[in-house]
Each structure stands twice: as structure tokens, then as C-alpha cells.
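This report concerns only the one structure given below.
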Amino acid sequence: MTKSELVEQLAEINTWLTRKDSETIVNLVFDSISEALRKGEKVEIRGFGSFTVRERGAREARNPKSGAIVKIPAKKTPFFKTGKELRERVNDLEG
């Protein structure tokens, strides 16, 4: 599912919302999560999962084409951990 498909589904389910209103809501949710992570906060959505920021240390890697050693700087990366309820829902769909 893409972001635009999510907006469309929200607009279809909630007939009182226009597509533009739905898009504003989806953007607000994503922007709020992004901003909280940027500040180093944890975002927890009960029954779905939690977002945190993990720091990856600097390291050396090898360019597969040339074989040259490349230095990769330290960086922060978002991490998502699924909640128990989401894992159970996904596993129920498979069975």
C-alpha cells in the first residue's frame, strides 16, 4: 500500500472527509512521527508497534566494484519494532 492508496482508503471510509482532508491527516501523522524521531523520542502506537532511532557507528566497508576500502560515517537510522497484536494479525492471515 502506498501513501496515496492510504489517503484514498481514508477518504472512502470516512465519507465526510474530502480527499484533501484525508491527505492532510495522513501527512500530519507522518510528519509528527518524523519530528518525534528527529528529536530522539520514541513513538509507540499500541497494537501496531514502536519507532525508535538507533545510532550506527562509523565503519569501513569495501566497494564491491573496485575493491577499495570506503569509510562510512556514523549515522542515525529509524527502527521499527512490530507490536504483538500486529504480529498476531499478520500470522493469522497466513494460516
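What follows draws every value from the coordinates through simple rules; no lab data is involved. Since the model is a prediction, treat every value here as computed from it, not as a measurement. Cβ placement follows ideal geometry from the backbone for every residue including glycine, while neighbour counts extend to all protein chains displayed.
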For this session: Out of the residues in region 10-26 that are in a helix (DSSP H, G or I) and not charged (D, E, K, R), state the one that is surrounded by the fewest Cβ atoms within 10 Å (Cβ to Cβ).
Result: Ile13
For this session: Considering only region 32-67, state which residues are surrounded by 12 or more Cβ atoms within 10 Å (Cβ to Cβ) and among the polar types (S, T, N, Q).
Result: Ser34, Ser50, Thr52
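Residues Val29, Val7: which one is surrounded by 10 or more Cβ atoms within 10 Å (Cβ to Cβ), on the phi < 0 side of the Ramachandran plot, part of a helix (DSSP H, G or I) and under 13 Å from the mean Cα position of the chain (by Cα)?
Result: Val29 is the single residue among Val29, Val7 that is surrounded by 10 or more Cβ atoms within 10 Å (Cβ to Cβ), on the phi < 0 side of the Ramachandran plot, part of a helix (DSSP H, G or I) and under 13 Å from the mean Cα position of the chain (by Cα).
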Problem set entry | Filter result (at negative phi, in contact with a Gly (Cβ under 7 Å, 6 or more places away or on another chain) and outside any strand (DSSP E or B)) within region 47-81 | Phe48, Ala74
For this session: From (1) in contact (Cβ under 8 Å) with a residue 24 or more places away in the chain; (2) surrounded by 13 or more Cβ atoms within 10 Å (Cβ to Cβ); (3) outside any strand (DSSP E or B), pick out the condition that doesn't hold for Glu85.
Result: (2)
Problem set entry | Scan of region 50-95 for residues that are within 30 Å of Glu35 (Cβ to Cβ) and among the β-branched types (Val, Ile, Thr), ordered by number | Thr52, Val53, Ile72, Thr77, Thr82, Val90
Exercise. Got a number for residues in region 48-89 being within 17 Å of the chain's Cα centre (by Cα) and among the aliphatic types (A, V, I, L, M)?
Worked result: 2
